[in-house]
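The values are calculated or read from the model by the stated rules, or taken from the named source; none is laboratory data. Note that this is a predicted model, so its numbers are computed, not measured. Note that we place each Cβ from the backbone using ideal geometry, even for glycine, and neighbour counts take in every protein chain shown. What goes into the accessible areas is simple: the full protein's heavy atoms, side chains included, and nothing from ligands, DNA or RNA. Shrake-Rupley method; radii C 1.70, N 1.55, O 1.52, S 1.80 Å.
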Amino acid sequence: MSFSTDSWLLTHILLFLPLFHPLFAATTHTTPKNATCHSTCGTLPVKFPFGTGFGCGHADFARYIRCSSGTLQFSTGTGVYTISSIDYPSNTLILTDPLMSNCSSMQNSGSFSLDSSSPFSLVAEDTFVLLGCSTTSPVFDQNEELCNTGSGLHICRGMYSCTGVTGIGLTPNAPISTCCVYDPQIVLGSGFTLDLPKLQCSSYTAIYGYGGDEGDPMKWQFGISLQYNDSYYTEACKNCEDSGGLCGFAGLNESFACICRNGVNTSNNCFGRG
């Protein structure tokens, strides 16, 4: 092979090497393209720190929340739940569980858990009610004090007055001895687990409000209210939003990225980028 041929090969190897070797490749952001980040999911407005898909919003929330077929979903180790509403001023959202019981309809439920490492926590006003529990259920262990036997009793009476109790094999106004307003001591940052098989209960419901009438369970607001950490908002994100972009993240280190409406992403803002 001639010297000129060797030089030609060497030159082209050096030119194309950055395309194949990470040490030479330029640093790029791997965020969704073609504007896959959206400001709404169905009818719900989606604002930072939430996002509609991977690479949108803050990385700490992306593993829990996503938009699927126009429905904003919340995922935990026990299932996928629908987010029915978000109140951004109070940093709260409401989850609905399709297997959760309410006054109109009761059925065997799944369990519910909240990861201790998640940026979410239960709202203090949440009331979890266990229904159709075995008399040998650990929630009735008097040494544990897991049930609210004071103000919780009227909630059990209200739930058992509903015609929906027939769905768990009871008759309306049945004795409330199989009902428990679950009130365990929750250590901040420890997460939350409602394991129905372990607790030997058929179903559960969660109440986040009483609709102005604690005496009428048909008016009660059923769902799980969660508070989320609002400390993620930064000046960089504000600058991005002011330029018409959506805040997201990119790369292996999940660094901040500003997703522009035309699908282009930058490390600062969308001014002059469409």
Open item on the list: Through the Karplus equation 6.51 cos²θ - 1.76 cosθ + 1.60, θ set to phi - 60°, convert the phi angles of the range 79-88 into ³J(HN,Hα) values in whole Hz; use x for Gly and Pro.
Closed with: x, 10, 10, 8, 8, 8, 7, 9, 10, 5
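Please state, as a whole number in µm²/s, the translational diffusion coefficient that the Stokes-Einstein equation yields for the range 61-135 at 25 °C and 0.890 mPa s, with Rh defined as the Kirkwood radius across alpha carbon pairs.
D, rounded to a whole number, is 175 µm²/s.
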Task: Cα gyration tensor category, rounded, prolate or oblate, for the range 146-274 with a/c compared to 1.5 - done: prolate
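Any chance you could tell me what percent of the C-alpha pair distances in the range 77-228 go past 22 Å? Don't skip to the answer; put the middle values down first.
Working: 4231 of 11476 pairs.
Summing the P(r) tail past 22 Å for the range 77-228 gives 37 percent.
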TODO: Using packing as a proxy for protection, rank 200-213, 139-152 so that the peptide with the highest average count of other Cβ atoms within 10 Å comes first.
DONE: 200-213, 139-152
Task: J(HN,Hα) series, the range 44-57, from Karplus relation 6.51 cos²θ - 1.76 cosθ + 1.60, nearest Hz, glycine and proline x - done: 8, x, 10, 10, 4, x, 7, x, 8, x, 5, x, 10, x
TODO: Tabulate in residue order the Karplus-calculated ³J(HN,Hα) for the range 150-161, using 6.51 cos²θ - 1.76 cosθ + 1.60 with θ = phi - 60°, rounded to whole Hz; enter x for Gly and Pro.
DONE: x, 5, x, 5, 5, 5, 4, 4, x, 5, 7, 7
Task: Amide hydrogen neighbours beyond the local backbone of Gln221, cut-off 5 Å, H modeled - done: Tyr208, Gly209, Tyr210, Gly211
Open item on the list: I'd like the accessible area for Thr171: 1.4 Å probe, protein heavy atoms, all chains in place, Å² to the nearest 10.
Closed with: 90
